[in-house]
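Read through the structure below, which is laid out as structure tokens, and then see the notes.
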Amino acid sequence: MNKENINPAEAKLSTLLRASRVAPTLPPRFQEGVWRRIEEAAAPAKSNGGITWLDALAALVLRPRLALATAAVLIVAGALLGVRDGNQMAHQDAQARYLAVVAPNSLR
């Protein structure tokens with residue numbers, strides 16, 4: 001609105017509206033609570049007294065320098081565990097076939 005075109009009734013109405021606005025009072029220690037929450041949000045998350053050994057290991061392993069080596073170690077470990085499991089299964093199959101040949105009717 002232009003101040004030049006304000007008639008007296010509108011001026012009275014605008015002052016009455018300004019006077020009727022209620023400014024709520026803040027609760028006690030409001031600012032302290034806001035700053036405390038800001039500081040808590042900015043601080044690193046603590047779980048059980050700080051960083052656990054698993055978090056430290058993950059941070060170490062996920063560094064770009066060690067990521068490829070970690071992936072290679074995990075692949076080799078998975079392959080070795082797979083070979084071991086395959087050998088155990090082959091051994092169990094051989095035992096079952098041997099028992100089937102030696103004592104075919106007594107164990108069934």
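Every read-out reported here was derived from the displayed coordinates using simple, explicitly stated rules and does not represent laboratory data. What you see is a predicted model; the values in this text were computed from it and never measured. Neighbour counts are summed over all protein chains in view; Cβ atoms, including those assigned to glycine, are modelled from backbone coordinates with ideal geometry.
A few remarks follow.
- Computed from the Cβ-Cβ distance with R0 of 35 Å, the FRET efficiency linking A103 to V83 stands at 0.70.
- Multiplying the residue separation of D55 and A72 by 0.36 nm and removing their Cα-Cα distance gives an extension gain of 4.1 nm.
- Loop-located trypsin sites (Lys or Arg not before Pro) in the stretch 23-106 (DSSP state other than H, G, I, E, B) with a sparse environment of at most 16 neighbouring Cβ atoms within 10 Å: R29, K46.
- The dipole here belongs to the chain: it is taken about the Cα centre, uses +1 on the Cβ of Lys and Arg and -1 on the Cβ of Asp and Glu, and is about 180 debye.
- Of A96, Q31, V76, farthest towards positive along the dipole that unit charges on Lys, Arg, Asp, Glu beta carbons give the chain: Q31
- Largest mean-square fluctuation among V22, V83, V73, in a Gaussian network model of the chain whose springs join Cα atoms under 10 Å apart, belongs to V22.
- Each label point was placed 7 Å from the Cα along the Cα-to-Cβ direction; for Q31 and R65 their separation is 4.7 nm.
- Using alpha-carbon coordinates, inclination of helix 8-20 to the longest axis of the chain, degrees: 50
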